[in-house]
1. Which members of the stretch 48-88 meet the condition of being at pLDDT 95 or above, aliphatic (A, V, I, L, M) and part of a loop (DSSP other than H, G, I, E, B)?
2. Name, by its number, the condition in (1) modelled with pLDDT of 80 or more; (2) surrounded by 13 or more Cβ atoms within 10 Å (Cβ to Cβ) that does not hold for A190.
3. Given (1) in a strand (DSSP E or B); (2) in contact with a Pro (Cβ under 8 Å, 6 or more places away or on another chain); (3) surrounded by 21 or more Cβ atoms within 10 Å (Cβ to Cβ), identify the lone condition not met by A139.
4. Identify the single condition in (1) within 11 Å of the ligand (Cβ to nearest atom); (2) open to solvent by less than 50 Å² (accessible area, probe 1.4 Å); (3) out of contact with any Lys or Arg (no Cβ under 6 Å at 6 or more places or on another chain) that R63 does not satisfy, given that it satisfies every other one.
5. Does the stretch 74-97 hold any residues that are open to solvent by 30 Å² or more (accessible area, probe 1.4 Å) and either under 17 Å from R58 (Cα atoms) or more than 9 Å from the ligand (Cβ to nearest atom) (or both), and which are they?
6. Would you check if there is a residue in the stretch 102-115 being open to solvent by less than 10 Å² (accessible area, probe 1.4 Å) and within 13 Å of the ligand (Cβ to nearest atom)?
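The values are calculated or read from the model by the stated rules, or taken from the named source; none is laboratory data. From a predicted model like this one, the values you see are computed outputs, not experimental measurements. Virtual Cβ from ideal backbone geometry, glycine too; neighbours counted across all protein chains shown. Accessible surface areas use protein heavy atoms only, side chains included; no ligands, DNA or RNA. Shrake-Rupley method; radii C 1.70, N 1.55, O 1.52, S 1.80 Å.
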Amino acid sequence: MMRSETLPDRLRKLRDRMKRPFDADKGGLDDAAVRAAYARWAPIYDMVFRALLYWGRRVGVKRVNEFSGSVLEAGVGTGMALPYYHKDLKVTGIDLSEEMLAKAEQRVRGGRLNNVDGLLAMDAGALAFSDDHFDVAIAMYVITVVPDPVKVMKNLERVTKPGGHVILVNHFSASEGLRAHAEQWLARYASWVGWNPVFAKSRVLGHTNLILEEDQSVPPFGLFTMLTFRKPEA
Ligand SMILES: C[S@@+](CC[C@H](N)C(=O)[O-])C[C@H]1O[C@@H](n2cnc3c(N)ncnc32)[C@H](O)[C@@H]1O
């Protein structure tokens, strides 16, 4: 029988991770690390992140509600944003983590959210939708979690209709000062916590034909940002 990992084993692993040079481009993340991290987070995610990430979700959904038609929420997680979408929208949520999606499904059933069209296990970097499918695509607190953010941006662009919108809500890292130091330190644990705290905004700009329409700071303390892009007409 395999011996399960003891606390000293785990501490040793953490110590080793701290000694490893940090790769800011990957942030130590890969799909397996993300899946493992969110399997751990799923039971307590809402309790831990409800308040901190509340404003970003409200601001993001408010922006989506200005539009009409079909919406893709990539990295829907436990579905905390779902109750706030306008009832006339048709919302599809996707996520890599089955455990997070199971929570989202409970929320949809419990809240009788009839505007939620589907919740699917899917990689935001390999979306199984046809081109020009959705009127709006939104990813909240996701782009710094994925190993290949450019691939995700390209996928979001591809599945959005010409003239439609792609919206990101996220934390982007500081380039200097105390916050930058704290983010660099925390980044050593990126694969364990499941997101990359060192992630410059420039990494999501200029890799697609999406046009940045608005760059807006989001509470609390301007820690987060909402970027609204438009896909050019064909
Ligand atoms: C920080 S959580 C944010 C969840 C939700 N958007 C919210 O506002 O609470 C990040 C989510 O992205 C998901 N995720 C990570 N990588 C992904 C990928 N490549 N494709 C789809 N979802 C992914 C994780 O499983 C997790 O549910």
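1. The answer is V76, M80, A81.
2. So the condition that A190 fails would be (1).
3. Result: A139 fails condition (2) only.
4. For R63, the exception is condition (1).
5. First pass over the stretch 74-97, keeping only residues open to solvent by 30 Å² or more (accessible area, probe 1.4 Å): 83-84, 86-88, 90, 96.
Scanning the stretch 74-97 gives P83, Y84, H86, K87, D88, K90.
6. Filtering the stretch 102-115 for residues open to solvent by less than 10 Å² (accessible area, probe 1.4 Å) gives 104.
Applying the additional criterion that residues be within 13 Å of the ligand (Cβ to nearest atom) yields 104.
Checked the stretch 102-115: at least one residue is open to solvent by less than 10 Å² (accessible area, probe 1.4 Å) and within 13 Å of the ligand (Cβ to nearest atom).
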